[in-house]
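The values are calculated or read from the model by the stated rules, or taken from the named source; none is laboratory data. Keep in mind that this is a model prediction, so the values were computed, not measured. A quick note on method: Cβ atoms are made from the backbone with ideal geometry, for glycine too, and the neighbour counts reach across all protein chains shown. For the accessible areas, the whole protein counts, side chains as well, though only heavy atoms, and no ligand, DNA or RNA atoms are used. Shrake-Rupley method; radii C 1.70, N 1.55, O 1.52, S 1.80 Å.
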Amino acid sequence: MGGKQSSEARVSSMIEKELRRSKKRQDAIVKVLLRGTSESGKTTFMKQLEYEVRCFQNDYLVRMKFCLIGNILEGIKDVLLGAKEQNFMIKCYDFNVVEATIDRDDVENSSKFQSAEAMTCIDENTRKSILSFWADPNFHKALETLQQIGGYDIPETFPLIMERFVSNPTYGSKKWIPELEDVLLVRSRTVGVVEKNLTVKNVKFNFIDFGGQQQRIKDYENCFSGVTAVIYVAALSDYNLTLVENQHINRLQHSISLFHQLVKNPNFAQSGIILFLNKEDLFMQKYKHNRIPINDPATNFFPGAPTEADEIFSECSSAKEWLREQFLEDLPSGREVYVYFTNALDRERMKKIFDSCASHILQDNMRLTGLVPLD
(Lines give C-alpha, C1' and ligand atoms only; values in the text may rest on other atoms or scores of the structure.)
Protein backbone atom coordinates (compact mmCIF):
# COMPACT_ATOMS: atom_id res chain seq x y z
CA MET A 1 0.00 0.00 0.00
CA GLY A 2 2.85 2.28 0.87
CA GLY A 3 4.38 1.48 -2.54
CA LYS A 4 1.12 2.44 -4.26
CA GLN A 5 1.01 5.80 -2.46
CA SER A 6 4.65 6.37 -3.31
CA SER A 7 3.91 5.65 -6.98
CA GLU A 8 0.94 8.06 -7.00
CA ALA A 9 3.04 10.69 -5.30
CA ARG A 10 5.73 10.30 -7.95
CA VAL A 11 3.17 10.64 -10.77
CA SER A 12 1.70 13.72 -9.09
CA SER A 13 5.16 15.20 -8.69
CA MET A 14 5.94 14.53 -12.35
CA ILE A 15 2.71 16.22 -13.43
CA GLU A 16 3.45 19.26 -11.27
CA LYS A 17 6.97 19.51 -12.69
CA GLU A 18 5.66 19.29 -16.25
CA LEU A 19 3.07 21.97 -15.52
CA ARG A 20 5.81 24.22 -14.13
CA ARG A 21 8.00 23.57 -17.16
CA SER A 22 5.07 24.31 -19.48
CA LYS A 23 4.35 27.54 -17.63
CA LYS A 24 8.01 28.53 -17.80
CA ARG A 25 8.05 27.94 -21.55
CA GLN A 26 4.87 29.99 -21.95
CA ASP A 27 6.19 32.85 -19.84
CA ALA A 28 9.80 32.60 -20.95
CA ILE A 29 9.76 35.86 -22.91
CA VAL A 30 9.29 39.08 -20.95
CA LYS A 31 7.64 41.73 -23.12
CA VAL A 32 8.80 45.33 -22.59
CA LEU A 33 7.41 48.34 -24.44
CA LEU A 34 9.79 51.25 -25.08
CA ARG A 35 8.17 54.67 -25.48
CA GLY A 36 9.29 58.28 -25.60
CA THR A 37 9.36 61.34 -27.79
CA SER A 38 11.81 61.94 -30.63
CA GLU A 39 15.44 62.31 -29.49
CA SER A 40 14.64 61.40 -25.88
CA GLY A 41 17.52 58.91 -25.86
CA LYS A 42 15.62 55.63 -25.83
CA THR A 43 17.46 54.34 -28.91
CA THR A 44 20.76 55.09 -27.16
CA PHE A 45 19.56 53.10 -24.16
CA MET A 46 18.79 50.13 -26.42
CA LYS A 47 22.23 50.38 -28.04
CA GLN A 48 23.86 50.25 -24.59
CA LEU A 49 21.85 47.19 -23.63
CA GLU A 50 22.40 45.42 -26.94
CA TYR A 51 26.16 46.01 -26.76
CA GLU A 52 26.33 44.56 -23.24
CA VAL A 53 24.46 41.46 -24.37
CA ARG A 54 26.09 40.64 -27.69
CA CYS A 55 28.35 43.48 -28.82
CA PHE A 56 27.94 44.93 -32.33
CA GLN A 57 28.38 42.99 -35.55
CA ASN A 58 30.56 44.48 -38.29
CA ASP A 59 27.66 45.10 -40.71
CA TYR A 60 25.90 47.12 -37.99
CA LEU A 61 29.04 49.19 -37.38
CA VAL A 62 29.26 49.91 -41.11
CA ARG A 63 25.66 51.19 -41.11
CA MET A 64 26.38 53.36 -38.07
CA LYS A 65 29.52 54.70 -39.78
CA PHE A 66 27.49 56.19 -42.61
CA CYS A 67 24.85 57.49 -40.18
CA LEU A 68 27.61 59.38 -38.35
CA ILE A 69 28.99 60.78 -41.60
CA GLY A 70 25.48 61.94 -42.45
CA ASN A 71 25.09 63.50 -38.98
CA ILE A 72 28.25 65.56 -39.51
CA LEU A 73 27.39 66.71 -43.04
CA GLU A 74 23.78 67.59 -42.21
CA GLY A 75 24.84 69.21 -38.93
CA ILE A 76 27.23 71.58 -40.71
CA LYS A 77 24.56 72.39 -43.29
CA ASP A 78 21.81 73.02 -40.68
CA VAL A 79 24.02 75.30 -38.57
CA LEU A 80 24.96 77.36 -41.63
CA LEU A 81 21.32 77.70 -42.70
CA GLY A 82 20.25 78.64 -39.17
CA ALA A 83 23.13 81.09 -38.80
CA LYS A 84 22.03 82.85 -41.97
CA GLU A 85 18.45 83.15 -40.67
CA GLN A 86 19.68 84.47 -37.31
CA ASN A 87 22.16 86.90 -38.90
CA PHE A 88 25.37 85.30 -37.62
CA MET A 89 28.42 86.23 -39.66
CA ILE A 90 30.34 83.05 -40.48
CA LYS A 91 33.31 83.25 -42.83
CA CYS A 92 32.78 81.97 -46.37
CA TYR A 93 34.81 78.79 -46.21
CA ASP A 94 34.50 76.29 -49.03
CA PHE A 95 31.02 74.90 -48.43
CA ASN A 96 30.75 73.66 -52.02
CA VAL A 97 32.95 70.68 -51.19
CA VAL A 98 30.78 69.78 -48.19
CA GLU A 99 27.59 70.30 -50.20
CA ALA A 100 28.81 68.02 -52.98
CA THR A 101 29.49 65.31 -50.40
CA ILE A 102 26.00 65.82 -48.94
CA ASP A 103 24.46 65.45 -52.42
CA ARG A 104 26.31 62.16 -52.97
CA ASP A 105 25.23 60.96 -49.53
CA ASP A 106 21.57 61.81 -50.26
CA VAL A 107 21.63 59.89 -53.53
CA GLU A 108 23.16 56.85 -51.86
CA ASN A 109 20.65 56.89 -49.02
CA SER A 110 17.82 56.75 -51.57
CA SER A 111 19.34 53.67 -53.21
CA LYS A 112 18.67 50.21 -51.79
CA PHE A 113 21.39 48.61 -53.84
CA GLN A 114 24.45 50.60 -52.87
CA SER A 115 27.34 48.54 -51.52
CA ALA A 116 29.15 49.62 -48.36
CA GLU A 117 32.43 49.94 -50.27
CA ALA A 118 30.90 52.51 -52.62
CA MET A 119 29.24 54.65 -49.94
CA THR A 120 30.37 58.23 -49.43
CA CYS A 121 33.21 58.78 -46.99
CA ILE A 122 34.80 62.06 -45.92
CA ASP A 123 37.79 62.74 -48.16
CA GLU A 124 40.66 65.06 -47.29
CA ASN A 125 39.19 68.16 -48.99
CA THR A 126 35.83 67.71 -47.28
CA ARG A 127 37.57 67.18 -43.94
CA LYS A 128 39.54 70.43 -44.32
CA SER A 129 36.36 72.38 -45.09
CA ILE A 130 34.53 70.90 -42.09
CA LEU A 131 37.47 71.67 -39.79
CA SER A 132 37.55 75.27 -41.08
CA PHE A 133 33.93 75.80 -40.10
CA TRP A 134 34.42 74.10 -36.73
CA ALA A 135 37.42 76.34 -35.94
CA ASP A 136 35.35 79.49 -36.44
CA PRO A 137 34.17 80.95 -33.06
CA ASN A 138 31.09 82.40 -34.77
CA PHE A 139 30.08 78.92 -35.92
CA HIS A 140 30.10 77.80 -32.27
CA LYS A 141 28.12 80.86 -31.17
CA ALA A 142 25.54 80.15 -33.86
CA LEU A 143 25.34 76.47 -32.88
CA GLU A 144 24.85 77.30 -29.19
CA THR A 145 22.15 79.88 -29.96
CA LEU A 146 20.29 77.61 -32.39
CA GLN A 147 20.24 74.76 -29.86
CA GLN A 148 18.97 77.09 -27.14
CA ILE A 149 16.13 78.67 -29.08
CA GLY A 150 15.00 75.38 -30.61
CA GLY A 151 13.08 75.03 -33.85
CA TYR A 152 16.17 73.78 -35.68
CA ASP A 153 16.74 70.11 -36.36
CA ILE A 154 20.25 69.97 -34.86
CA PRO A 155 20.84 66.98 -32.54
CA GLU A 156 22.27 67.63 -29.09
CA THR A 157 24.97 65.05 -29.80
CA PHE A 158 26.34 67.00 -32.79
CA PRO A 159 29.07 68.84 -30.77
CA LEU A 160 30.18 65.53 -29.23
CA ILE A 161 30.37 63.89 -32.66
CA MET A 162 32.43 66.82 -33.92
CA GLU A 163 34.83 66.58 -30.98
CA ARG A 164 35.56 62.97 -31.90
CA PHE A 165 35.86 63.91 -35.58
CA VAL A 166 38.43 66.63 -34.81
CA SER A 167 40.51 64.39 -32.54
CA ASN A 168 40.72 61.46 -34.98
CA PRO A 169 42.32 62.16 -38.40
CA THR A 170 40.83 58.95 -39.87
CA TYR A 171 37.25 59.66 -38.71
CA GLY A 172 34.84 59.20 -41.62
CA SER A 173 37.48 57.76 -43.96
CA LYS A 174 37.12 54.46 -45.82
CA LYS A 175 39.22 52.56 -43.29
CA TRP A 176 37.59 54.02 -40.19
CA ILE A 177 35.29 51.82 -38.07
CA PRO A 178 33.24 53.44 -35.25
CA GLU A 179 33.70 52.49 -31.61
CA LEU A 180 30.93 52.09 -29.03
CA GLU A 181 31.30 55.73 -27.96
CA ASP A 182 30.70 56.79 -31.57
CA VAL A 183 27.69 54.52 -32.06
CA LEU A 184 26.00 55.91 -28.94
CA LEU A 185 26.13 59.39 -30.46
CA VAL A 186 24.41 58.46 -33.73
CA ARG A 187 21.24 60.39 -34.41
CA SER A 188 18.83 58.25 -36.43
CA ARG A 189 15.06 58.27 -36.18
CA THR A 190 13.23 55.06 -35.31
CA VAL A 191 10.41 54.77 -37.84
CA GLY A 192 7.49 52.45 -37.17
CA VAL A 193 7.82 49.58 -34.72
CA VAL A 194 11.18 47.88 -34.08
CA GLU A 195 11.51 44.68 -32.04
CA LYS A 196 14.67 43.33 -30.43
CA ASN A 197 14.97 40.02 -28.60
CA LEU A 198 17.74 40.02 -26.01
CA THR A 199 18.68 37.55 -23.31
CA VAL A 200 19.79 39.29 -20.13
CA LYS A 201 20.98 37.15 -17.22
CA ASN A 202 19.26 34.05 -18.68
CA VAL A 203 15.96 35.91 -19.07
CA LYS A 204 14.56 36.45 -22.57
CA PHE A 205 13.30 39.99 -23.19
CA ASN A 206 11.25 41.16 -26.16
CA PHE A 207 11.77 44.94 -26.45
CA ILE A 208 9.31 46.79 -28.69
CA ASP A 209 10.39 50.30 -29.69
CA PHE A 210 7.61 52.49 -31.08
CA GLY A 211 9.86 55.24 -32.34
CA GLY A 212 9.56 58.93 -31.51
CA GLN A 213 6.88 59.69 -34.08
CA GLN A 214 3.41 59.63 -32.59
CA GLN A 215 1.63 56.94 -34.56
CA ARG A 216 -2.03 56.36 -33.88
CA ILE A 217 -2.19 54.10 -30.81
CA LYS A 218 -5.11 52.11 -32.21
CA ASP A 219 -2.97 50.99 -35.16
CA TYR A 220 -0.62 49.13 -32.82
CA GLU A 221 -2.87 47.81 -30.05
CA ASN A 222 -1.99 44.26 -31.09
CA CYS A 223 1.48 44.93 -29.61
CA PHE A 224 0.02 45.71 -26.17
CA SER A 225 -1.11 42.22 -25.24
CA GLY A 226 0.93 40.69 -22.43
CA VAL A 227 3.17 43.70 -21.89
CA THR A 228 5.03 43.18 -18.60
CA ALA A 229 6.50 46.66 -18.37
CA VAL A 230 6.68 49.97 -20.17
CA ILE A 231 9.90 52.00 -20.15
CA TYR A 232 9.18 55.63 -20.95
CA VAL A 233 12.16 57.88 -21.77
CA ALA A 234 11.91 61.67 -21.47
CA ALA A 235 14.67 64.22 -22.11
CA LEU A 236 14.96 66.67 -19.19
CA SER A 237 17.06 68.96 -21.37
CA ASP A 238 14.02 69.61 -23.59
CA TYR A 239 12.56 71.99 -21.01
CA ASN A 240 13.45 75.12 -23.02
CA LEU A 241 12.81 73.72 -26.51
CA THR A 242 9.75 73.57 -28.74
CA LEU A 243 8.67 70.96 -31.26
CA VAL A 244 10.24 71.37 -34.69
CA GLU A 245 6.82 70.87 -36.29
CA ASN A 246 5.03 73.27 -33.91
CA GLN A 247 7.03 75.98 -32.15
CA HIS A 248 4.09 76.83 -29.88
CA ILE A 249 4.38 73.49 -28.05
CA ASN A 250 7.11 72.91 -25.47
CA ARG A 251 8.93 69.60 -25.98
CA LEU A 252 9.02 68.58 -22.33
CA GLN A 253 5.38 69.50 -21.75
CA HIS A 254 4.53 67.39 -24.80
CA SER A 255 6.47 64.48 -23.30
CA ILE A 256 4.69 64.86 -19.95
CA SER A 257 1.31 64.80 -21.69
CA LEU A 258 2.18 61.61 -23.62
CA PHE A 259 3.40 59.96 -20.43
CA HIS A 260 0.10 60.71 -18.67
CA GLN A 261 -1.81 59.23 -21.63
CA LEU A 262 0.30 56.09 -21.48
CA VAL A 263 -0.09 55.53 -17.73
CA LYS A 264 -3.87 56.00 -17.95
CA ASN A 265 -4.20 53.64 -20.93
CA PRO A 266 -6.23 50.59 -19.75
CA ASN A 267 -4.01 48.31 -21.85
CA PHE A 268 -1.21 48.90 -19.31
CA ALA A 269 -3.26 48.76 -16.11
CA GLN A 270 -1.34 45.68 -14.94
CA SER A 271 2.02 46.58 -16.53
CA GLY A 272 4.93 48.00 -14.58
CA ILE A 273 5.81 51.59 -15.48
CA ILE A 274 9.45 52.73 -15.50
CA LEU A 275 10.29 56.39 -16.17
CA PHE A 276 13.75 57.46 -17.33
CA LEU A 277 14.29 61.20 -16.90
CA ASN A 278 17.15 61.21 -19.35
CA LYS A 279 19.87 63.65 -20.45
CA GLU A 280 20.47 64.75 -16.89
CA ASP A 281 23.97 65.94 -17.86
CA LEU A 282 22.63 68.23 -20.60
CA PHE A 283 19.95 69.52 -18.26
CA MET A 284 22.62 70.44 -15.67
CA GLN A 285 24.66 72.17 -18.37
CA LYS A 286 21.73 74.31 -19.47
CA TYR A 287 20.16 75.01 -16.08
CA LYS A 288 23.17 75.34 -13.80
CA HIS A 289 26.06 76.44 -16.00
CA ASN A 290 24.29 78.34 -18.80
CA ARG A 291 21.62 79.60 -16.37
CA ILE A 292 18.73 78.99 -18.74
CA PRO A 293 15.64 79.08 -16.49
CA ILE A 294 13.06 76.30 -16.54
CA ASN A 295 10.33 78.89 -16.90
CA ASP A 296 11.08 81.56 -19.46
CA PRO A 297 8.83 84.56 -18.68
CA ALA A 298 8.44 85.13 -22.42
CA THR A 299 6.76 81.74 -22.93
CA ASN A 300 5.64 80.84 -19.38
CA PHE A 301 5.56 77.11 -20.15
CA PHE A 302 6.41 76.12 -16.56
CA PRO A 303 4.95 78.65 -14.09
CA GLY A 304 5.95 77.92 -10.50
CA ALA A 305 9.21 76.21 -11.48
CA PRO A 306 12.18 76.76 -9.14
CA THR A 307 15.09 78.90 -10.26
CA GLU A 308 18.81 78.30 -10.02
CA ALA A 309 18.86 80.73 -7.06
CA ASP A 310 16.57 78.34 -5.14
CA GLU A 311 19.10 75.51 -5.29
CA ILE A 312 20.87 74.50 -2.11
CA PHE A 313 22.88 71.58 -3.48
CA SER A 314 25.07 71.51 -6.60
CA GLU A 315 23.08 68.59 -8.07
CA CYS A 316 20.10 70.91 -8.72
CA SER A 317 17.90 68.56 -6.72
CA SER A 318 15.08 71.11 -6.31
CA ALA A 319 14.68 71.56 -10.06
CA LYS A 320 14.92 67.84 -10.82
CA GLU A 321 12.43 66.94 -8.11
CA TRP A 322 10.01 69.60 -9.37
CA LEU A 323 10.19 68.23 -12.92
CA ARG A 324 9.77 64.70 -11.59
CA GLU A 325 6.56 65.75 -9.89
CA GLN A 326 5.22 67.18 -13.18
CA PHE A 327 5.33 63.67 -14.60
CA LEU A 328 3.82 62.01 -11.53
CA GLU A 329 0.94 64.39 -10.79
CA ASP A 330 -2.65 63.46 -11.66
CA LEU A 331 -1.83 59.76 -12.04
CA PRO A 332 -4.39 57.09 -11.07
CA SER A 333 -4.53 56.48 -7.31
CA GLY A 334 -2.08 53.85 -6.15
CA ARG A 335 -0.26 53.72 -9.51
CA GLU A 336 3.40 52.99 -8.85
CA VAL A 337 6.06 54.41 -11.16
CA TYR A 338 9.76 53.60 -10.85
CA VAL A 339 11.71 56.78 -11.65
CA TYR A 340 15.39 57.07 -12.60
CA PHE A 341 17.45 60.13 -13.50
CA THR A 342 19.65 58.92 -16.34
CA ASN A 343 22.34 59.75 -18.85
CA ALA A 344 22.04 57.18 -21.64
CA LEU A 345 25.61 57.90 -22.77
CA ASP A 346 27.03 56.80 -19.40
CA ARG A 347 27.70 53.12 -19.94
CA GLU A 348 28.44 52.05 -16.36
CA ARG A 349 25.59 54.02 -14.87
CA MET A 350 23.05 52.68 -17.37
CA LYS A 351 24.21 49.13 -16.69
CA LYS A 352 23.48 49.55 -12.97
CA ILE A 353 20.14 51.19 -13.68
CA PHE A 354 19.02 48.40 -16.00
CA ASP A 355 20.00 45.78 -13.40
CA SER A 356 17.67 47.58 -11.00
CA CYS A 357 14.95 47.88 -13.67
CA ALA A 358 15.25 44.17 -14.48
CA SER A 359 14.38 43.32 -10.89
CA HIS A 360 11.22 45.46 -11.11
CA ILE A 361 10.30 43.98 -14.50
CA LEU A 362 10.75 40.37 -13.37
CA GLN A 363 8.76 41.01 -10.21
CA ASP A 364 5.93 42.47 -12.30
CA ASN A 365 6.18 39.50 -14.66
CA MET A 366 5.71 37.10 -11.75
CA ARG A 367 2.60 39.00 -10.69
CA LEU A 368 1.16 38.90 -14.20
CA THR A 369 1.78 35.16 -14.52
CA GLY A 370 0.33 34.41 -11.09
CA LEU A 371 3.57 33.26 -9.48
CA VAL A 372 3.06 35.89 -6.78
CA PRO A 373 -0.31 37.35 -5.77
CA LEU A 374 -1.48 40.69 -7.15
CA ASP A 375 -1.74 43.47 -4.58
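What net charge do the residues around ILE292 carry, taking every other residue with its C-beta under 13 Å from that of ILE292, with Lys and Arg at +1 and Asp and Glu at -1? Here the charged neighbours net out to -1. For LYS204 and ILE249, the difference between the fully extended length at 0.36 nm per residue and the C-alpha to C-alpha distance is 12.3 nm.
List, in the order given, every pair from LYS91/LYS128; LYS91/LYS175; LYS196/LYS279; LYS128/LYS174 whose Cα-Cα distance in the structure shown is over 25 Å. As for pairs spanning more than 25 Å Cα to Cα, those are LYS91/LYS175. Ignoring ligands, DNA and RNA, what percent of the accessible area of the range 25-89 is carbon or sulfur (1.4 Å)? Here it works out to 51 percent.
Summing Lys, Arg as +1 and Asp, Glu as -1, what charge do residues with Cβ under 14 Å from the Cβ of SER317 carry, SER317 excluded? Surrounding charge for SER317 is -4. Segment ARG347..GLU144, full-extension length gain: 70.5 nm, with 0.36 nm per residue of separation and the alpha-carbon distance subtracted. Here the range 319-366 exposes an accessible surface that is 45 percent carbon and sulfur, computed with a 1.4 Å probe and the other protein chains kept in place. Subtracting the Cα-Cα distance of ARG54 and ASN168 from their residue separation scaled by 0.36 nm leaves 38.4 nm. ³J(HN,Hα) across the range 227-244 via Karplus (A = 6.51, B = -1.76, C = 1.60, θ = phi - 60°), whole Hz, x for Gly/Pro? Using θ = phi - 60°, the values come out as 6, 6, 8, 10, 9, 10, 10, 10, 9, 4, 6, 7, 4, 10, 10, 10, 5, 4 Hz. Under the simplified labelling scheme, the GLU321-LYS175 pair shows an inter-label distance of 5.5 nm, with each label point 7 Å from Cα along Cα→Cβ. Working ranking of peptides 82-90, 228-236 by packing, defined as the average number of other Cβ atoms within 10 Å per residue, highest first, is 228-236, 82-90. Using R0 = 45 Å, the C-beta based FRET efficiency linking SER225 and ASN290 works out to 0.50. Counting only protein heavy atoms and a probe of 1.4 Å, the accessible surface of the range 138-199 is 51% carbon and sulfur. The range 156-210 and the range 276-300 have Cα centres spaced 25 Å apart.
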